[in-house]
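Every number here is computed from the coordinates shown, using simple stated rules; none is lab data. Just so you know, these numbers come straight off a predicted model, no measurement behind them. Because the Cβ atoms are built from the backbone with ideal geometry, glycine has one as well, and the counts that use them run over all protein chains shown.
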Amino acid sequence: MRRWVLVVTLVVCARAQTQPDAGVGRKIFESQCALCHGQTGGGGRGPSLTRPKLSRAPDDAALRTLISNGSGDMPGAWQLHADEVVSVAAYVRSLGALPPEVIPGDPVRGAQRYAASGCAGCHIVDGRGEGFGPELSAVGARRSAAFLRQTILKPASTLPDDFQYISATPASGAAIRGVRVNEDSFTIQLRDANGRYHSFRKSELTSLRRLERQTPMPVYEGRVTGADLDDLVAYLASLKGKP
Amino acid sequence: MTRLPILLLLTSSAWGQVAYDRIVHASSEPASWLTYSGNYQGHRFSPLSEVTAANVARLRVKWAYQTDSRAEVSPIVADGVMYVSGPNTAAALDIRTGRELWTWKRTIPKDYQNIGFGRVNRGPAILGDEIFVATLDCYLVALDAKSGRERWSVKVEDYRPGYSMTLAPLAIRDKVLVGVSGGETGIRGFVDAYDAKTGRRAWRFYTVPGPGEPGHETWPGDSWKTGGGSTWVTGSYDPETNLVYWGIGNPGPDWNPDSRRGDNLYTCSLVALDGDTGKLKWHFQFTPNDSHDWDSTHVPVLFEADIRGARRKVVAIANRNAFYYVLDRSSGEFLAGKPYAKQTWAKGLDDRGRPIVIPDTEPTEAGKLVWPNLNGATVWFSPSYSPREGLLYVATREIASIYFKRKAEYKPGTFFAGGGEADPPGGAESGAIRALVATTGEIRWEFKMHTAPWAGVLSTAGGLVFSGSNEGNFFALDAKTGKPLWDFQTGGRIAANPISFSIDGKQCIAIAAGQVLYVFSL
């Protein structure tokens with residue numbers, strides 16, 4: 001039912017004529033947006049907002065719509081009153097005047113480091129690589145550089161809410177490990193490290209383990225360091241997808 | 001061509017004549033499904049017993065019918081014809097094949113807005129030779145059951161300030177009853193009854209009392225005028241006493257009670273109304289001064305049982321607020337109640353059934369985490385009561401919300417909610433079909449589900465319980481133990497109530513999923 005409420009919020013927002021109050025917007029931002037975008041808008045799981053142009057919100061109307069409705073990973077804030085949305089949007093715009101996130105490192109050298117580290121064995125960038133892990137073609141537009149660094153060093157610390165790494169043991173054989181791609185009350189579908197899909201009826205498994213805070217992505221802490229790490233982060237942060 | 005087999009089928013009874021007495025005795029003709037819940041008592045129980053635990057694994061699709069939009073219909077089946085409805089649409093289908101016999105459509109006005117709910121319809125009603133459909137733009141329409149031609153239509157209320165209808169009407173004796181949606185637009189809710197033959201309004205019961213009426217004192221100032229109290233789920237009926245039982249929705253604005261401190265009668269209540277006059281016989285309020293959008297709009301379930309040594313006629317409700325209640329249905333006296341799902345807003349119920357509310361559980365500006373979420377531990381989709389097992393089966397949601405309070409301004413035809421909700425971070429949700437001992441609410445068994453369900457339950461004399469999941473599973477459980485016996489992937493989210501009937505003596509089960517209505521048989 002919430003889907004319908006969102007539609008309504010949109011209509012309400014479009015009609016809003018209230019003067020924005022960035023102070024009100026900041027208070028709401030810090031309590032409801034900062035979890036992903038950082039306390040001062042510097043980014044985290046969500047992108048940094050300290051930039052004059054926001055790719056998914058080219059103008060103020062689009063920004064207000066994005067705040068109300070959400071998009072992709074971002075939940076809509078339909079609980080906000082129309083003038084609160086206007087104020088949050090004004091505050092987000094004011095963040096654009098802040099200095100952008102500092103990203104040390106050289107993206108060109110980072111691309112070489114990416115290739116040398118075997119990342120393409122699991123990730124696709126611009127159509128090249130293997131698709132076991134998440135596609136990274138636009139990861140720089142979705143995540144902050146600090147978040148990317150953290151993910152490289154300790155991948156299990158930044159897993160999305162709906163990510164599950166599963167060990168399933170069919171009665172007929174050995175355990176299969178894979179990333180959950182779908183699940184319902186009776187069945188589960190996994191993709192293993194070779195990209196092969198497995199479908200099981202849960203009632204036919206001798207064990208179904210959800211491997212909490214585990215991921216097939218290797219830990220690179222201690223393996224990629226110093227300037228190499230800066231370069232790799234700079235490369236990933238530069239991946240903004242197709243314009 | 002499709003009419004020929006039907007005419008053959010019906011040589012023994014007058015086609016399309018569903019007299020009131022047939023609905024009263026619906027349980028004695030289980031080949032049909034004559035009213036929303038299968039019988040007036042709200043049981044959604046089929047006396048058919050051909051499909052059992054031993055053979056349900058062989059259940060297969062007999063036919064499917066595609067619709068133009070999300071299907072939430074609970075069909076009516078009478079005399080070889082299935083009647084279905086959608087948002088401002090209806091159709092008669094040949095029950096052997098699902099082929100259309102007639103269709104009807106009413107244009108949805110361009111300026112119609114559905115505020116706080118989907119563009120759906122949950123079913124038609126039948127009485128005599130008429131099919132009744134409640135429309136989104138708030139008209140009640142009577143169609144000739146044989147042809148689908150309009151007999152009459154009546155404007156129930158103006159849709160522009162936010163009144164709408166998605167429910168299946170309830171046809172009793174010579175009247176058709178409807179209720180309205182609009183609890184998020186500051187409506188003043190009501191239950192209406194219309195003369196089945198003429199469409200003339202027989203009575204209206206306002207769910208928010210006006211000045212001078214009992215209960216008005218529970219609304220400060222003018223707050224009653226925008227008090228909500230929608231009535232968007234079909235009620236139940238006791239033909240012996242001519243009492244109608246109807247659930248009432250949330251007060252408005254939903255999440256900000258500051259302007260309406262008080263109990264806010266009769267929101268979040270069950271009311272018992274005289275079928276002839278609409279006069280209030282009694283009320284029972286589940287959630288006084290609600291601030292979490294916990295409409296009490298459920299199908300009331302009527303049955304008789306021995307309670308503390310005495311035979312009682314009772315009405316039971318598994319409420320959106322996560323408590324299960326058993327009330328005496330002639331007086332509204334509270335007999336038993338307890339939580340059937342996780343809740344964090346009340347310590348329990350006092351000896352009159354009023355909740356002992358935990359302080360600081362109202363929505364706040366910063367957000368307050370409370371179980372259950374705004375859609376509740378269960379909501380509009382139907383429970384099922386099996387007289388064989390003495391169990392009440394309820395699709396149960398285990399889910400929390402962060403509730404926000406915001407300012408609320410009333411403007412006709414706009415969202416008047418005073419806040420909202422968000423999913424808790426990492427928000428774990430789950431669900432279950434739970435079997436409750438009908439007289440006490442004690443949980444006898446549960447079947448765990450992947451996510452919080454949005455579909456109703458059917459139980460059968462074959463010892464089975466049917467329901468559906470968000471992920472498209474339609475499934476059968478053992479009515480005594482909850483053991484899963486059969487499941488089918490429908491390919492669409494299930495947000496509808498199952499029914500059962502028979503075709504040429506073979507038991508069928510029907511469920512809407514996504515935009516498809518499926519009929520299964522052995």
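The protection proxy used here, the mean number of other Cβ atoms lying within 10 Å of each residue, ranks peptides B:344-357, B:403-416 as follows, highest first: B:403-416, B:344-357. Once C-alpha pairs closer than 8 Å and six or more residues apart are averaged by separation and normalised to the residue number of chain A, the relative contact order reads 22 percent.
Give me the one-decimal nm value for the distance between modelled label points at residue B:338 and residue B:423, 7 Å along each residue's Cα-to-Cβ direction. Label-label distance for residue B:338 and residue B:423, simple model: 3.2 nm.
Distance from the C-alpha centroid of segment B:133-190 to that of segment A:208-224: 57 Å, rounded to the whole angstrom.
Normalised by residue number, the volume inside the convex hull of the Cα atoms of chain A is 145 Å³ per residue. For residue B:356 and residue A:221, a Förster radius of 51 Å and the Cβ-Cβ distance give a FRET efficiency of 0.50, rounded to the nearest 0.05.
Could you calculate the FRET efficiency of residue B:365 with residue A:201 from 1/(1 + (r/R0)^6), where r is the beta carbon distance between them and R0 is 35 Å, rounded to 0.05? Efficiency for this residue pair is about 0.15. Putting +1 on Lys and Arg Cβ atoms and -1 on Asp and Glu Cβ atoms, find which of B:317, B:454, B:392 reaches farthest to the positive end of the dipole of the protein assembly as shown. Of the candidates, B:454 comes out farthest on the positive side.
Segment residue B:448..residue B:330, full-extension length gain: 38.9 nm, with 0.36 nm per residue of separation and the alpha-carbon distance subtracted.
Taking the number of Cβ atoms within 10 Å of each Cβ as an exposure proxy, the fewest-first ranking of B:500, B:153, B:401 is B:153, B:401, B:500.
Available extension along the chain between residue B:258 and residue B:17 is 81.6 nm, counting 0.36 nm per residue and deducting the alpha carbon span.
As a calculated quantity, the FRET efficiency between residue A:141 and residue B:64 at R0 = 45 Å, using C-beta atoms, amounts to about 0.60.
Please identify which residues in segment B:15-39 have an amide N closer than 17 Å to a label point set 7 Å out from the Cα of residue B:304, following the Cα→Cβ vector. Those under the cut-off are B:24-28.
Backbone geometry of segment B:507-522 corresponds, through the Karplus equation with coefficients 6.51, -1.76 and 1.60 at θ = phi - 60°, to 3J(HN,Hα) couplings of 5, 10, 10, 10, 8, 8, 8, x, 10, 10, 9, 9, 10, 10, 8, 6 Hz, x marking Gly and Pro. In summary, the protein assembly as shown shows an alpha-carbon radius of gyration equal to 1.02 times the 2.2 N^0.38 Å reference for compact globular proteins. Taking other residues whose beta carbon is less than 15 angstrom from the beta carbon of residue B:509, and scoring Lys, Arg as +1 and Asp, Glu as -1, yields +3.
For chain A, modelled as a GNM whose springs connect Cα atoms under 10 angstrom apart, the maximal fluctuation among A:148, A:159, A:136 occurs at A:159. Take each residue in B:113-122, count the other chain C-beta atoms within 10 Å of its C-beta, and the mean is 3.
Across chain B, Cα pairs under 8 Å and at least six residues apart give a relative contact order of 15 percent.
Around the Cα centre of chain B, unit charges on the Cβ atoms of Lys, Arg, Asp and Glu (plus for the first two, minus for the last two) sum to a dipole of about 640 debye. For the listed residue pairs B:347/B:411; B:110/B:281; A:240/B:405; B:342/B:483, the alpha carbons are over 30 angstrom apart in B:347/B:411; B:110/B:281; A:240/B:405. Quick one: net charge of residue B:520's neighbours, Cβ under 13 Å, K/R +1, D/E -1? Counting the neighbours of residue B:520, the net charge comes to +2.
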